[in-house]
1. Using beta carbons and a limit of 9 Å, which pairs, at least six apart or on different chains, have the first residue in region 101-116 and in contact (Cβ under 8 Å) with a residue 60 or more places away in the chain and under 18 Å from Ala17 (Cα atoms) and the second one in a loop (DSSP other than H, G, I, E, B) and open to solvent by less than 100 Å² (accessible area, probe 1.4 Å)?
2. Determine which member of the set Ile166, Ile141, Ile104 is surrounded by 15 or more Cβ atoms within 10 Å (Cβ to Cβ) and over 13 Å from the mean Cα position of the chain (by Cα).
3. With respect to Phe49, is the statement that it is surrounded by 19 or more Cβ atoms within 10 Å (Cβ to Cβ), under 30 Å from Val127 (Cα atoms) and among the aromatic types (Phe, Trp, Tyr) true?
4. Residues to consider are Glu110, Glu116; find the one that is open to solvent by 90 Å² or more (accessible area, probe 1.4 Å) and in a loop (DSSP other than H, G, I, E, B).
5. Can you list residue pairs whose Cβ atoms sit under 9 Å apart, with the first residue in region 32-47 being closer than 13 Å to Arg4 by Cβ and touching a residue at least 40 places away in the same chain (Cβ under 8 Å) and the second being surrounded by fewer than 16 Cβ atoms within 10 Å (Cβ to Cβ) and of a type outside the set (A, V, I, L, M)? Count only pairs 6 or more apart in sequence or on different chains.
6. Has region 53-67 got at least one residue that is among the aromatic types (Phe, Trp, Tyr), surrounded by fewer than 18 Cβ atoms within 10 Å (Cβ to Cβ) and under 19 Å from Ala16 (Cβ atoms)?
7. Based on what the data block shows, is Leu95 more than 30 Å from Ser138 (Cβ to Cβ) and among the aliphatic types (A, V, I, L, M)?
8. Only one of Ala38, Ala29 is open to solvent by less than 50 Å² (accessible area, probe 1.4 Å), at pLDDT 95 or above and touching a Lys or Arg at 6+ places or on another chain (Cβ under 6 Å); which?
Amino acid sequence: MAVRDPEATKARIFEAAVAEFARYGIAGARIDRIASEAKANKQLIYAYFGNKAELFTQVLEKRMLEMAVANPVDADDMDGWMDRLMDYHAAHPELLRLLFWEGIEYGTDELPDERERRDHYDRKVAVLADAQARGVISDEIPAPHLLFMVVALAGWSTAVPQMRRILVGDQDADRERLRASIKAAVRRITA
């Protein structure tokens, strides 16, 4: 008889849920497919994570935390931060897909974990506001707006790769030129 490992099972369920939600969104995701992919009983999913919406919230929260830990806001090195964000999104496109699906599902309605999400973003905004107060970056654009814009610039080419390919090209040189342009735009709005 095989030894049960609840943590390994949770990890398999979580990774299967990431893939399922990134591909199908909240409404289209199926617990049966997650269970099958994770080689787990679907009742375990409910026991470990709650219902489908709760599972999605946990998946997105953890992926956002992983990204935040890997790429803290660095207003003293905006070029470097943009490079790290673009590289992260290219390596982990599922995060942007999850955010898009969340937007489709909730629109402007309150999110299940909105307070925590606000706290998450408030910490990032505070870093930019501090840099503005120190004169490291321009205070012409309010820090929350600035964060919104630079994060959008860093992730958009991963979020809509077809648009990037059509407008910019898909060769390595094309992607590098776009990266340089994005960093130039960020420098202009923060100078």
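1. Within 9 Å, the pairs are Trp101/Ala29; Glu102/Leu111.
2. Numbers: Ile166 fails: surrounded by 15 or more Cβ atoms within 10 Å (Cβ to Cβ); Ile104 fails: surrounded by 15 or more Cβ atoms within 10 Å (Cβ to Cβ).
The conditions single out Ile141.
3. No; evaluated as a whole, the condition is false for this residue.
4. Answer to the check: Glu110.
5. If the second residue must be surrounded by fewer than 16 Cβ atoms within 10 Å (Cβ to Cβ) and of a type outside the set (A, V, I, L, M), no pairs are left.
6. no
7. On the way: more than 30 Å from Ser138 (Cβ to Cβ): no; among the aliphatic types (A, V, I, L, M): yes.
Here the answer is no, as Leu95 does not meet what is asked.
8. Values: Ala29 fails: touching a Lys or Arg at 6+ places or on another chain (Cβ under 6 Å).
Among Ala38, Ala29, only Ala38 is open to solvent by less than 50 Å² (accessible area, probe 1.4 Å), at pLDDT 95 or above and touching a Lys or Arg at 6+ places or on another chain (Cβ under 6 Å).
The values are calculated or read from the model by the stated rules, or taken from the named source; none is laboratory data. All values derive from a computational prediction rather than experimental measurement. A quick note on method: Cβ atoms are made from the backbone with ideal geometry, for glycine too, and the neighbour counts reach across all protein chains shown. Areas reflect the complete protein model, heavy atoms only, side chains present, ligands, DNA and RNA absent. Shrake-Rupley method; radii C 1.70, N 1.55, O 1.52, S 1.80 Å.
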